[in-house]
Every structure is written in C-alpha cells, then in structure tokens.
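For reference, the structure discussed in these notes is given below.
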Amino acid sequence: MDDNLYNQLQDQKYQEHEALCKRCGACCGAMEEYPCEHLKKGEDSRYFCDIYEERFGLRKTLSGEPILCVPIRNMLSKTWWGRTQCAYVRHKRRII
Ligand code: SF4
Ligand code: SF4
C-alpha cells in the first residue's frame, strides 16, 4: 500500500471515529455542577471544546479543580464523567 492511500485510510478512520461523538459534553462534565472551563455550548445546543486541537493535558473545572484531559480511547474501560451516556462506550458495548 502506498503512503498516500495509507494516509487517506487513516484520515477516513479518524473522521469516522470523530463522527461517533454525539457532543453531549458528558465526558467534560456537562452533567456535573462544575464542568471543564473549556466546555462550551454551541448554537445547535451541542457541546464543543474551545481548545479542541490542543485539549490534552492538565485543565481546570469552573470551580478551579484540576482535571486531566486525555483521549477518549484511554477512558473506555474506566470510570469517568458521563460514561453511561457516551456514544463510544455504547458503541463498544454494541448498544448503538
Ligand atoms: S479540555 Fe478536555 S475536558 Fe475540557 S472541554 Fe476540552 S475536551 Fe473536554
Ligand atoms: S461523552 Fe462520549 S459522546 Fe459525549 S461528548 Fe464525550 S466523547 Fe462525545
């Protein structure tokens, strides 16, 4: 397989993976009293991260508590904010 095709397939997989997210904001604390300070609600009522491209690392909640932002794949078998709502967890369990 040539590099271009490989990169194209990788990009396609990445886009498919990203598209699974329902932007419910649960993993960023949308259902909590103090979510991540970077969690914002869009005009379409879905959530987004205002630093998405550089989100990973130590962040803060609106109350100033430190939280660690990590790739969602690292969290699928753990306990975390919004686990039961998450489209990735449900997809993994074949619920959706
Ligand atoms: S920094 Fe991480 S935890 Fe905070 S809103 Fe963005 S993706 Fe969610
Ligand atoms: S909980 Fe899952 S579906 Fe909801 S915003 Fe987070 S990654 Fe997306």
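The figures follow:
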item	result
Residue match in the range 68-76 (condition: near ligand 2 (Cβ under 9 Å from one of its atoms) and within 13 Å of the chain's Cα centre (by Cα))	yes
Qualifying residue in the range 46-53 (condition: farther than 11 Å from residue 82 by Cβ, in a loop (DSSP other than H, G, I, E, B) and away from ligand 1 (no atom under 12 Å from the Cβ))	yes
Check on residue 50, at pLDDT below 95 and of a type in the set (D, E, K, R)	no
Residue list for the range 11-38, filter: in contact with a strand residue (DSSP E or B) (Cβ under 6 Å, 6 or more places away or on another chain), surrounded by 15 or more Cβ atoms within 10 Å (Cβ to Cβ) and either among the aromatic types (Phe, Trp, Tyr) or not in a loop (DSSP other than H, G, I, E, B) (or both)	28, 36
Any hit, the range 67-77, residues being in a loop (DSSP other than H, G, I, E, B), touching a Pro at 6+ places or on another chain (Cβ under 8 Å) and free of Cβ contacts under 8 Å to residues at least 60 places away in the same chain	no
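The values are calculated or read from the model by the stated rules, or taken from the named source; none is laboratory data. Computed from a prediction, not measured in an experiment: that's the story for all the values here. FYI the Cβ positions are ideal-geometry reconstructions off the backbone, even for glycines, and counts take in every protein chain you see.
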